[in-house]
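Report on the structure given below.
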Amino acid sequence: MLKALGKVIESVEVEKGEASLVRLRTRIVGEAHPALKLPPGLKGRYLWVERIYRDRLKPRKGEFVVLTYEELRELVRYRREPLAPGKVFREDVDADGYSEVNFESDVLRFSVAPHRGATLRSLEYRGKEFFMGKGEYLNVNYIELGGVDDHIESGKYGGALSSLKYEYEVDEGEIRLTGRAKGFEIEKAINLERDFPLLTVRTSFKARKKAELNYWMRMAVRGVPGRSVILLPARDGLVRERYHFQYLDSLFRVLEISRMSLPGILVLDEAEGVSLLAVFSRLPENVAYRSYGTFFTVEPAFGKASLKKSEISQYVLGLIPGTFYSASGFHLGVFDFDGEKERNRLISSLVTVESRAPELLLKGKRISYSRIGGFDGTHLWKLDVDTEERDLEEASLLIRGESHGIDGL
Amino acid sequence: MGSTAFDPLTFGYEWETFLTGRNMIPIKSDEVKRLGRKLQAEIPETRTGTDHIRGLDSKFLEIRSGILSDYQGLDGRTREIIGAIKRVCREKDLVFFPLGSHPLFGKAAGYHLHVGSVYSLKVAQDLARSLTPYVPLIAAFMANSPFWGISEPPGGFKSYRVKYFADWCSTVIVPVERGLGQFVWGNDVLVKGIEKPTVEIRVMDSPLSVSLLAEASIFIVALTLNLAERHGSGMIDRNTYMEYVVNRRRAARWGLQALFDWRGERVPASDILEELVGSVLPAARKLGLDGFELLEKMVRKRVTQADFLLSLYDGGDLHVYTRDLGNLLERERDPFMDFLEEAPELPVAEAESAEDMILSHITIETPFRLLYESLEFPYDFIEDVVEEFRKRGLVKVSRAPEKGILLTRIR
């Protein structure tokens, strides 16, 4: 959604009518919005554009116009460019005039914006896009494009890290990004499993001098009104929050959960049955949920870390999409339909739950399964309540179900 | 009451306007403040300054007319201020952008008219109450906010600002029993009494037409004068109050095409306005305005400033449109006037019932809170309607200790 401000140098009427076809010669003079940085070399360039205008709205010489991405394309041409063997390539997927780094597997695709905070801009699973949206103008210096970004300052959005430019290198399975801001050297390593829909993001902060770090993530998710549901496992039971479109901050408080029992959050589109599990290597001290028009945000905050010079604090995020879910006070799990075997495969779980009943309601500690393919819901599950913080690699063993011997679904 | 309510009759306005850079993005708060101070120094009779824009790191340039007493003073003062603003904007490469909302961000910009000088709080309250049934009509003919960022469809409402209660700055009037009045900030009509000797009508969208601003102001002052001369308490019954609440929503949606519930019957808003324009004319003449030329044209065609803005929009990029609109407003003195000459007549719209308004807001587990915040209908009314829906099998009602009532549409 790159746009630019242009000054009209010349205006030529090509076809006159109630709405006239007009050709404008413009000179690019600046940004259309402070959040839409112009790619290098664009300012000062000249561009002819053709538009249809009603008579009164026709711009005149010396007036200003806003140029769209489609109109700027001839000056900002980014073709898909392979970066490493396998499905890693550079391409401008969000039309902001800069290339993102894109990874693809058979079921999942994601994009990272190194020029803009190493934001995880897009996550697409079986055709469903979780993050990237049209671009909502939230403030005079911020446009909501969707995605996951890092924060160490207080505030609702924006901040130094979300606009930081990162250097990066790519090999087949991983992108590694480095940047510097606010007294920290920051490293991010993003990894996509080849045969399993698991995306991991490791973010490390190395203090250049003694410092305090208050790290939180902001996940801006595209909301489907009435259908998107956010599930947060709290110590006193599962919290379910349904996304409803509301423009204004409510007269009442924003939802904040400071009693998380598991290091994970589930976001679900109920109608499509597609869910996204976010797993963290640490238990968040607090998770805030906000509604922002067509997006909603989930914001896990990990508390204060006091770092000595050269000390490192690391945070890991795992994102696991799937086709349906089950959840209870003790369990967050995501399933995927294995087309070859025509059955449901448990692909992620922080715990498993014992159940003999084939269908249960999704409330409190009971679980519901949407039926896809051959699942008949009569299998026994081994109960194993997991409340310890786990390293993500260890957690991924649970995710594959290997330590529980789950098979024969 | 009576015209002795006023000691003397005066009025004045606060007009919230956007100031943007060439890219149509509102400028920083400090810059607006500097400009406001400069303008106040240049035209000291005004109190022009700034006001808060909710959720945006910028401020309104709030044009404050100062105390006025007739049409000539109002028109002259307004044109003087606008002239000064446009000159400064040219010098500083800024754009003066007076609309009821910013097309890219939403954000409500209002026009608040004070009518005074009323030194009796009892009289001021009676007057404010008397204005209540007319508030939707005023909202209708001043509709000027048909865009609200990308989260709402352009033209879905002619006044998104009124739909969203002007970002909680112009909310449904809370009825209070006579003798028990307290200060309630932010209603559509407000008794400023403890602070200023005025009644403030806040429901209007910020206008782009200076001519309409002047005529509308005199209309409202003349209407208030007429109501004062009726010597009424302004107490309204339940039916009249519900008519106000529902008509308000219809006015936001349809502008002058709205069909109102009026004294127990369905009457087009344009018909009500036409009659009122005639009945307040004698009072308007005393204020120096010979006729409501503009309002009469709007009534005949049922056309508002919102319709003018929509007539220029082709469905494309909103930022492109906003910049093009900015060019037009800089170039032409009062483009709404020209538009009115050419505009086609619009039909009267269908009237959505209050029940349909409530039902359309219920999806899956919709909290009662959200229903109330979206409509601001009285609690009891919403409760009764929801119970009726439940009995008819239209909705399911569930209870959640931490969220209250949740409503799910069944069919």
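So the values come out like this:
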| quantity | calculated |
| --- | --- |
| One residue from B:310, B:276, B:259 being within 26 Å of residue B:170 (Cβ to Cβ), surrounded by fewer than 20 Cβ atoms within 10 Å (Cβ to Cβ) and within 14 Å of chain A (Cβ to nearest Cβ) | B:310 |
| Helices (runs of 4 or more DSSP H) wholly inside segment B:79-189 containing at least 2 residues that are within 22 Å of residue B:244 (Cα to Cα) and among the aromatic types (Phe, Trp, Tyr) | B:165-168 |
| Filter result for residue B:190 (touching a residue at least 40 places away in the same chain (Cβ under 8 Å), more than 30 Å from residue A:144 (Cα to Cα) and surrounded by 21 or more Cβ atoms within 10 Å (Cβ to Cβ)) | yes |
| Matching residues in segment A:22-36 - criterion: being modelled with pLDDT under 95 and away from chain B (no Cβ under 13 Å) | none |
| The lone exception for residue B:367 - which of (1) within 17 Å of residue B:405 (Cα to Cα); (2) open to solvent by less than 20 Å² (accessible area, probe 1.4 Å); (3) more than 8 Å from chain A (Cβ to nearest Cβ) it fails | (3) |
| Matching entry among A:72, A:57 (being open to solvent by less than 30 Å² (accessible area, probe 1.4 Å), within 14 Å of another protein chain (Cβ to nearest Cβ) and free of Cβ contacts under 8 Å to residues at least 24 places away in the same chain) | A:57 |
| Any hit, segment B:55-64, residues being among the polar types (S, T, N, Q) and closer than 30 Å to residue B:288 by Cα | no |
| Pick from segment B:285-296, criterion in contact with an Asp or Glu (Cβ under 8 Å, 6 or more places away or on another chain) and part of a helix (DSSP H, G or I), ranking: most open to solvent (accessible area, probe 1.4 Å) | B:293 |
| Filter result (assigned to a loop (DSSP other than H, G, I, E, B) and under 17 Å from the mean Cα position of the chain (by Cα)) within segment B:199-233 | B:206, B:207, B:208, B:209 |
| Per-region count, segment B:373-384, residues touching a Phe, Trp or Tyr at 6+ places or on another chain (Cβ under 8 Å) and crowded, with 18+ Cβ neighbours inside 10 Å | 1 |
| Failed item in (1) in contact with a strand residue (DSSP E or B) (Cβ under 9 Å, 6 or more places away or on another chain); (2) open to solvent by less than 10 Å² (accessible area, probe 1.4 Å), with residue B:84 passing the rest | (1) |
| Meets criteria (within 14 Å of chain A (Cβ to nearest Cβ) and at pLDDT below 95) for residue B:315 | yes |
| Any hit, segment B:39-56, residues being at pLDDT 95 or above and of a type in the set (Asp, Glu) | yes |
| Residue list for segment A:274-310, filter: open to solvent by less than 10 Å² (accessible area, probe 1.4 Å) and within 19 Å of residue B:365 (Cβ to Cβ) | A:275, A:296, A:298 |
| Helices (runs of 4 or more DSSP H) wholly inside segment B:335-405 containing at least 2 residues that are touching a residue at least 60 places away in the same chain (Cβ under 8 Å) and more than 30 Å from residue B:298 (Cα to Cα) | none |
| Selection from segment B:16-44 of residues that are among the aliphatic types (A, V, I, L, M) and either touching a residue at least 12 places away in the same chain (Cβ under 8 Å) or surrounded by 21 or more Cβ atoms within 10 Å (Cβ to Cβ) (or both) | B:19, B:24, B:25, B:27, B:32, B:35, B:39, B:43 |
| Positions within segment B:45-65 being of a type outside the set (Ser, Thr, Tyr), crowded, with 16+ Cβ neighbours inside 10 Å and under 19 Å from residue B:10 (Cα atoms), in sequence order | B:47, B:63, B:64 |
| Test set (1) modelled with pLDDT of 95 or more; (2) aliphatic (A, V, I, L, M); (3) touching a strand residue (DSSP E or B) at 6+ places or on another chain (Cβ under 7 Å) - residue B:385 fails condition number | (3) |
| Residue within segment A:174-192 that is within 30 Å of residue B:370 (Cα to Cα), touching a strand residue (DSSP E or B) at 6+ places or on another chain (Cβ under 7 Å) and modelled with pLDDT of 95 or more present | no |
| Top-ranked residue of segment A:37-51 - restricted to ones that are surrounded by 14 or more Cβ atoms within 10 Å (Cβ to Cβ) and assigned to a strand (DSSP E or B), ranked as farthest from the other protein chains (Cβ to nearest Cβ) | A:47 |
| Candidate set from segment A:116-143 (those that are within 14 Å of another protein chain (Cβ to nearest Cβ) and more than 22 Å from residue A:179 (Cβ to Cβ)); member that is surrounded by the fewest Cβ atoms within 10 Å (Cβ to Cβ) | A:134 |
| Every pair of residues 6+ apart whose Cβ atoms lie under 6 Å, when the first sits in segment B:310-331 and is assigned to a loop (DSSP other than H, G, I, E, B) while the second is of a type outside the set (Ser, Thr, Tyr) | B:312/A:57; B:313/B:154 |
| Residue within segment A:8-27 that is touching a helix residue (DSSP H, G or I) at 6+ places or on another chain (Cβ under 7 Å), within 23 Å of residue B:104 (Cα to Cα) and of a type outside the set (Phe, Trp, Tyr) present | no |
| Of all residues in segment A:1-21 being outside any loop (DSSP other than H, G, I, E, B) and closer than 30 Å to residue A:121 by Cβ, the one that is nearest to the other protein chains (Cβ to nearest Cβ) | A:5 |
| Residue match in segment B:108-122 (condition: within 30 Å of residue A:141 (Cβ to Cβ), modelled with pLDDT of 95 or more and aromatic (Phe, Trp, Tyr)) | yes |
| Subset tally (residues that are polar (S, T, N, Q) and open to solvent by less than 10 Å² (accessible area, probe 1.4 Å)) for segment A:177-213 | 1 |
| Residue in segment B:319-330 that is more than 9 Å from chain A (Cβ to nearest Cβ) and either open to solvent by less than 40 Å² (accessible area, probe 1.4 Å) or of a type in the set (Phe, Trp, Tyr) (or both) present | yes |
| For residue B:353: the one exception among (1) closer than 24 Å to residue A:229 by Cβ; (2) more than 14 Å from every other protein chain (Cβ to nearest Cβ); (3) not aromatic (Phe, Trp, Tyr) | (1) |
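The values are calculated or read from the model by the stated rules, or taken from the named source; none is laboratory data. Treat the numbers as computed from the prediction; the structure is a model and nothing was measured. Backbone-built Cβ (ideal geometry, glycine too); neighbour counts: all protein chains shown. Just the protein is used for accessible areas: all its heavy atoms, side chains included, with ligands, DNA and RNA removed. Shrake-Rupley method; radii C 1.70, N 1.55, O 1.52, S 1.80 Å.
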